[in-house]
Amino acid sequence: MATIAMTLSRVHFGGKSELGVSSLFSPSTIAHRCRRQASNKIHAVMTPTQSQRPLSTTGSVKHGMTMTEKILSRASERSQLEPDENVWVNIDVLMTHDVCGPGTFGIFKKEFGENAKVWDREKIVIIPDHYIFTNDERANRNVDILRDFCMEQNIKYFYDIKDLGNFKANPDYKGVCHIALAQEGHCRPGEVLVGTDSHTCNAGAFGQFATGIGNTDAGFVLGTGKLLLKVPPTLRFILDGEMPDYLLAKDLILQIIGEISVSGATYKSMEFIGSTVESLSMEERMTLCNMVVEAGGKNGVVPADQTTFNYLKDKTSVDFEPVYSDGNARFLQDYKFDVSKLEPLVAKPHSPDNRALARECKDVKIDRVYIGSCTGGKTEDFLAAAKVFLASGKKVKVPTFLVPATQKVWMDVYSLPVPGSGGKTCSQIFEEAGCDTPASPNCGACLGGPRDTYARMNEPMVCVSTTNRNFPGRMGHKEGQIYLASPYTAAASAISGYVTDPREFLR
Amino acid sequence: MAMVAATTAAAAAKPFLSPVRSQSSYLPFLSLSYTLKSSSHCSTFPILRSSIRPQPNSKPFAISASSSTSTSITTFHGPCFVVGDNIDTDQIIPAEHLTLVPSKPDEYRKLGTLALIGLPSSLYPTPFVPPDSPSTHYPIIIAGANFGCGSSREHAPVALGAAGAHAVVAESYARIFFRNSVATGEIYPLETETVGLYRECTTGDVVTVDLAGSRLINHTTGKEYKLKPIGDAGPVIEAGGIFAYVRKTGMIASSPSSA
């Protein structure tokens, strides 16, 4: 039903010159209305404790709201919100990690007092993940600070690591926060999640509002459970068409960032809909939402559907209520893409919007490949890389570093059979291809980190990476050159030693 | 107790600022208390720094309303440091230094010595903070579009503020950087009315930022530029950040110990 409706109103747009910007405030959200009919999980967002009868209940001045507006409306106990309004929002989950946690706790203690208690010990999730497997004393100290605070405050969700020599000896340790949040059931439709990390927007894949904040704001949330947020207007991205088997969500988001630039969504929400998005797995939806901050976006959202609910099964016992954009919701702009016409992409140095076709860069000789991070270090990312290695039957020509995002991903790499391989695991395929042994799960060299970080670029090299940023110095050396790419493209490039379109091997 | 008091006050308060509204469409709401400094007053040192930004090791929220209104900061003056578009947080403070915790006074100061150390030296031969110096000679940074893009690290505005910078004048900001600048009160994130201003300025040009008049004067080139009014974010930064501001305005209890 949704697919048919979308076909009727679909306009095909492919490359840059064909960017589709349809009318402002487009009323055509047929797909949404269909989903609303299909799902009985929709609830009114208005608070029952309003003393005055809100105008919106009379039906006479009811404005449609986007998903993001509705989530913030419910969280601020308001019946109606407009973009650009500033509202106090109740926070469902606050996440922090070893890089920003200590500073956040410092502010919390300074402002609320040495003996202050956090607002809700069950709504705070603390995930050491950035600088873990390092001898840097200050980095190690910061993890100790997290532990001390969690003990003192009796924080319910603290994914600790004590034995740095063997991550598997730490049953609580997860790894990269954004993926751990998803895997541990902390991402739920309709909720508000804030975290002291810009890629907190990753969780928008679950149809929730999720955004990155600084230490001071996080310190405020720790004490009060509230945050003043400005309601962002929404840009809508309608991705239709069958996804070719050589593309991944990374290509889609690189296409979008290339289109709107690294500041094209500044202060705005990015909502992803369309038949392609509906067909994406949760991990692929995460890749899409993870990089909205690279376009300057405040948050990204994908409407929750059966794929979302299936993923959440057995992960959380918390009740959640998804919300969806109204049929008459107002969007600042619509961008339409025919995904079937897209090609594998890279973002060239030194900006995530420096888009190029992978095949246009085939003469770029590379020194290494990195597969990891919250953006490109999930189970499906490694399965995708393994698929290319398997299809090629060749060995890598450059050092290829693999850093699973979490302990769960690491286990999957070592246990899940790769389709079509006769039962081989990713780890076996990587070994046969000559890759480095998959490393201990953490943020790794995505953001450089301390000098002794595994796979950090300490020399001015050229790297194809499945990570999220390629500004100067991002992975270590200021003169290093980073080509951001999908796991397919990264694996294909590892095999040839040049930036390579994965169709070279996947056909 | 502190928590309860803050929660109630916060819940009852109506939104009081627009930290994420950078395109200021309003006039600054402190319109009366400005004491414009003479632009001929040439000092390469940060002006009145100690009166607006408490040192991290001092009790930060001791500012009383009366003393702060009488010392309203309206101008910054000195040589500027000029950078281009899309200066991301890794260039402002590279991730390897994020082990430094901004709320620890000695590490706060160390962050200051590392401000903008991630800029490629081929493009920026002059360092923002000289080696072995505790602070910068440049109280004002002039930049292109999307300054502070990238990570949510509050270390970025903190490093600039700890280095002794007072204001960034850019065409636009990444959202989280702007918000963190206001929330910490470390630095004024000011926006230009025009595009390409940074191309007309050179590192070392002596400039004046006039907050009340919303303008930037480049004394070296003799040119003057309009800035967008800082709007409601101004008083928050002037107070020394969001916590200081809400205490000053009585929105939350005046000090942690009394709450």
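Read the figures in this text as sums done on the coordinates, not as results from a lab. Everything quoted here is computed from the prediction, not taken from an experiment. Cβ atoms come from the backbone with ideal geometry, glycine included; neighbour counts cover every protein chain shown.
When both bridge partners sit in chain A, DSSP labels roughly 30% of those beta bridges antiparallel.
Annotation: average projected area of region A:370-444 is 4.2 square nanometres, based on the convex hull of Cα atoms across all directions.
Structural descriptor for region B:132-212: relative contact order 32 percent, calculated from alpha carbon pairs under 8 angstrom and at least 6 residues apart.
Average 1/r across all pairs of distinct alpha carbons in region A:124-261, invert it, and you get the Kirkwood radius: 17.5 Å. Based on the reciprocal of the average 1/r between different C-alpha atoms, the Kirkwood radius for region A:93-166 equals 12.6 Å. The amide H of B:V82, built 1.01 Å from its N in the peptide plane, has B:I142, B:T203, B:G204 as neighbours under 5 Å, considering only residues 5 or more places off or on other chains. Find the relative contact order for chain A and round it to a whole percent, using C-alpha pairs within less than 8 Å whose residues are 6+ positions apart. So the answer I get is 18 percent. In terms of overall dimensions, region B:43-251 has a Cα radius of gyration and Dmax of 15.7, 49 angstrom. Put in line by how crowded their Cβ is, counting other Cβ atoms within 10 Å and starting with the fewest, A:M457, A:M282 read A:M282, A:M457. As a proxy for reagent exposure, ranking A:L447, A:L332, B:L211, A:L312 by other Cβ atoms within 10 Å from fewest up yields A:L332, A:L312, B:L211, A:L447. In order along region A:301-317, phi translates into HN-Hα couplings of 9, 10, x, 5, 8, 4, 4, 5, 5, 5, 5, 6, 4, 6, 9, 9, 9 Hz, rounded to whole numbers, per the Karplus curve 6.51 cos²θ - 1.76 cosθ + 1.60 with θ = phi - 60° and x for Gly and Pro.
Applying a DSSP loop filter and a limit of 15 other Cβ atoms within 10 Å to the chymotrypsin sites (Phe, Trp or Tyr not before Pro) in region A:295-391 leaves nothing.
With kT/(6 pi eta Rh) evaluated at 10 °C and eta = 1.306 mPa s, and Rh the Kirkwood radius from Cα pairs, region A:323-438 diffuses with a coefficient of 95 µm²/s according to Stokes-Einstein. Of all aspartates and glutamates in the structure, the ones whose alpha carbon falls short of 13 Å from that of A:K250, not counting any fewer than 8 places away in one chain, are A:E283, A:E284, A:E294, A:E343, A:D353, A:E380, A:D381.
If you take the beta carbon distance between A:A356 and A:S281 as r and set R0 to 41 Å, what does 1/(1 + (r/R0)^6) give as a FRET efficiency, to the nearest 0.05? Taking R0 as 41 Å, the efficiency between A:A356 and A:S281 is 0.95.
With kT/(6 pi eta Rh) evaluated at 25 °C and eta = 0.890 mPa s, and Rh the Kirkwood radius from Cα pairs, chain A diffuses with a coefficient of 106 µm²/s according to Stokes-Einstein. What does the charge add up to near A:L402, with Lys and Arg as +1, Asp and Glu as -1, over the other residues with Cβ less than 13 Å from its Cβ? The answer is -2. Between A:A169 and A:K424, the simple label model (points 7 Å from Cα in the Cβ direction) yields a spacing of 3.3 nm. Maximal additional length on extending the A:D452-A:R121 stretch stands at 115.7 nm, based on 0.36 nm per residue less the C-alpha distance. In Å³ and rounded to a whole number, note down the convex hull volume per residue for the Cα atoms of region A:349-506. Cα convex hull per residue, to the nearest whole number: 88 Å³. What are the aspartates and glutamates whose alpha-carbon lies under 16 Å from the alpha-carbon of A:K168, with same-chain residues fewer than 8 places away excluded? Within the straight-line cut-off, A:K168 pairs with A:D129, A:D160, A:D412.
Partners of A:K397 within straight-line reach, counting aspartates and glutamates whose Cα lies under 19 Å from its Cα and excluding those fewer than 8 residues away in the same chain: A:D363, A:D367, A:E431, A:E432, A:D436, A:E459, A:D501, A:E504.
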